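The values are calculated or read from the model by the stated rules, or taken from the named source; none is laboratory data. Since the model is a prediction, treat every value here as computed from it, not as a measurement. Neighbour counts are summed over all protein chains in view; Cβ atoms, including those assigned to glycine, are modelled from backbone coordinates with ideal geometry. To get the accessible areas, we keep the full protein, side chains included, count just its heavy atoms, and leave off ligands, DNA and RNA. Shrake-Rupley method; radii C 1.70, N 1.55, O 1.52, S 1.80 Å.
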Amino acid sequence: MEKLRLGVFISGGGTNLQSIIDSCKQTDFPARVAVVVSNKAGAYGLKRAEQAGIPAVCVPHKGFKTREEHEREIVKRIRPYNLEAVALAGYMRVVTGYLLDSFYNHERGLPGVINIHPADTNAYQGAHGYEFAMGMLAEHPRRLEETRITVHFVDKGVDTGAIIKQAPVPVLPEDTIDDLRARGLKVEHQVYPEVIRLYAEGKLKLEDRKVIIL
Ligand code: GRF
C-alpha cells in the first residue's frame with residue numbers, strides 16, 4: 001500500500017502529533033508522517049518526532065519579516081519530503097495563502113492543509129477553545145454544556161475552513177479547565193487520525209464549502 005505522505009506542524013507538546021504517529025504504526029493505516037515541522041525550538045513535539053525516528057524541521061518565525069517569508073523557508077526546507085497533505089496540530093501560527101497553495105492537493109482536488117480545534121469553529125475561532133467552553137473568556141462568559149472538537153480544512157481565515165468532522169465532549173459541572181482539556185484531548189486523539197484516514201483513503205469530497213464523506 002502506498003501511504004499518504006503527511007507533514008505535521010506543531011508549536012508545543014504535540015499530544016496530537018503522538019496520536020497520529022501511533023496510528024501510523026498500524027500496518028493498515030493509509031498515511032505516514034514524513035516530517036514534523038515546528039516554529040518553536042523547545043517544542044516537546046520535536047522530541048516525540050526524534051523518538052519515533054521521524055525527521056523534524058524547526059524554523060522559528062522570529063527574524064522573518066512576514067508570515068509568508070517564514071512559510072517560504074518552511075516550504076523550501078520540506079520540499080524533499082514531497083508531502084501530499086499537512087496536519088496542523090497545535091501549530092500556533094495563522095497560515096497564509098502561500099502555504100495553502102503550496103500544499104493544495106491537485107490529485108484529490110482538495111485543500112491539503114487540515115487543522116484540529118477544541119471547539120465548534122462556528123461558535124469560536126482562536127487559540128482558547130477549552131477556555132471558551134468553560135466560560136472563562138471575558139467576551140464569552142457563558143459556560144457550555146458541551147464543546148465540539150472540530151477537524152476542518154484550513155482556509156485563509158482563522159478557523160473558518162469547511163468542517164470535516166466534529167465530536168462532542170461534555171463539560172461537566174465539576175470540571176476544571178484541566179479536566180475538560182484532558183477529556184477533550186482524548187477525543188482529539190481519536191478524531192484526528194480518523195479524519196487523516198478518510199483523507200488518505202480518498203473518502204472526502206468538498207462541494208460548495210461542504211465536506212461530503214463518501
Ligand atoms: C489541541 O487542543 C488542538 O486542538 C489545538 O492545540 C492543542 C494542541 O495540543 N489546536 P497538542 O500539542 O497536540 O498536545
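Screening region 137-182 for residues that are hydroxyl-bearing (Ser, Thr, Tyr) and within 14 Å of the ligand (Cβ to nearest atom) and picking the one that is farthest from the chain's Cα centre (by Cα) gives Thr147.
Scanning region 103-116 turns up one or more residues that are more than 13 Å from the ligand (Cβ to nearest atom) and of a type in the set (D, E, K, R).
If you go through region 79-95 and keep only what is among the small types (Gly, Ala, Ser) and more than 18 Å from Arg108 (Cβ to Cβ), you end up with Ala89, Gly90. The set of residues in region 14-52 being part of a strand (DSSP E or B) and either within 15 Å of the ligand (Cβ to nearest atom) or free of Cβ contacts under 8 Å to residues at least 40 places away in the same chain (or both) consists of Arg32, Val33, Val36, Val37, Ser38. Residues that are open to solvent by less than 90 Å² (accessible area, probe 1.4 Å), of a type in the set (A, V, I, L, M, F, W, C) and touching a residue at least 24 places away in the same chain (Cβ under 8 Å) within region 125-153 comprise Ala127, Ala133, Met134, Leu144, Ile149, Val151, Phe153, listed in sequence order.
Would you say Gly7 is within 16 Å of the ligand (Cβ to nearest atom), among the small types (Gly, Ala, Ser) and closer than 24 Å to Arg108 by Cα? It is true that Gly7 is within 16 Å of the ligand (Cβ to nearest atom), among the small types (Gly, Ala, Ser) and closer than 24 Å to Arg108 by Cα. Which ones in region 91-110 are under 13 Å from the mean Cα position of the chain (by Cα) and open to solvent by less than 40 Å² (accessible area, probe 1.4 Å)? Correct list: Tyr91, Val95. Examine region 71-91 for a residue that is under 20 Å from Thr160 (Cα atoms) and among the basic types (Lys, Arg), and state whether such a residue exists. For region 71-91, residues under 20 Å from Thr160 (Cα atoms) and among the basic types (Lys, Arg): absent.
For the residues Tyr91, Tyr124, Tyr81, the requirement of being touching a helix residue (DSSP H, G or I) at 6+ places or on another chain (Cβ under 6 Å) and aromatic (Phe, Trp, Tyr) singles out Tyr124. I'd like to know if region 10-22 contains one or more residues that are more than 24 Å from Pro118 (Cα to Cα) and open to solvent by 20 Å² or more (accessible area, probe 1.4 Å). Checking region 10-22: not a single residue is more than 24 Å from Pro118 (Cα to Cα) and open to solvent by 20 Å² or more (accessible area, probe 1.4 Å).
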